[in-house]
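Let me begin by presenting the structure, written as structure tokens, before commenting on it.
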Amino acid sequence: QVQLVESGGGLVQPGGSLRLSCAASGSIFSINTMAWYRHAPGKKRELVAAITSDFSTDYGDSVKGRFTISRDNAKNTVYVQMNSLKPEDTAVYYCTAEIISRLSMTTGNYWGQGTQVTVSS
């Protein structure tokens, strides 16, 4: 069984910064792409950022230049550093990862439970 646990969300003022973390645990053989998505009320879920196992990155247009995704393969953890936050960044942020199970050697897409980020003065 594999689990993803996010942390680091909260309330921040416009212009402020937050760093989200997501740790994968369980029967893991390897992890391919890890990513962050967000979902705001009344809006579609959107890609925030993604990072492959060889550290190639991709960003949603609305966060380019402000957010930075990184990962620590030794810790099975992905991070997103969010700077210059805007009220429109308010959303529930979800971590996802493509993980090969050590037990079955099959690939599955796993999601965390989400963490709330609120940008408000």
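What follows draws every value from the coordinates through simple rules; no lab data is involved. Owing to the predicted nature of the structure, the values given are computational and were not obtained by experimental measurement. Here the Cβ positions follow ideal geometry from the backbone for every residue, glycine too, while neighbour counts run over all protein chains shown.
Just a few scattered comments:
- If you take all other residues with their beta carbon under 11 Å from the beta carbon of residue 38, and give Lys and Arg +1 and Asp and Glu -1, the sum is 0.
- Cross-link reach list, aspartates and glutamates versus residue 75, counting only Cα pairs under 17 Å and skipping chain neighbours closer than eight places: 6, 54, 98
- Using a Förster distance of 22 Å, the FRET efficiency for residue 116-residue 3 (Cβ separation, nearest 0.05): 0.70
- The dipole here belongs to the chain: it is taken about the Cα centre, uses +1 on the Cβ of Lys and Arg and -1 on the Cβ of Asp and Glu, and is about 140 debye.
- Just so you know, the Rg over Rh for region 1-49 is 1.04, from Cα atoms, with Rh as the Kirkwood radius.
- DSSP-loop trypsin sites (Lys or Arg not before Pro) across region 20-121, with at most 16 other Cβ within 10 angstrom: 43, 44, 45, 64, 66, 75, 102
- If you take all other residues with their beta carbon under 15 Å from the beta carbon of residue 16, and give Lys and Arg +1 and Asp and Glu -1, the sum is +1.
- Length released on extending from residue 109 to residue 74, taking residue separation times 0.36 nm less the Cα-Cα span: 10.6 nm
- Shape category assigned to region 29-83 from the gyration tensor of Cα positions, a/c cut at 1.5: prolate
- Taking 0.36 nm per residue of separation and subtracting the Cα-Cα distance, full extension of the segment from residue 88 to residue 58 would add 8.8 nm.
- Once you reduce region 62-85 and region 6-20 to the center of their Cα atoms, the two points are 12 Å from each other.
- Over 16 Å [Cα-Cα, region 62-121], rounded percent: 58 percent
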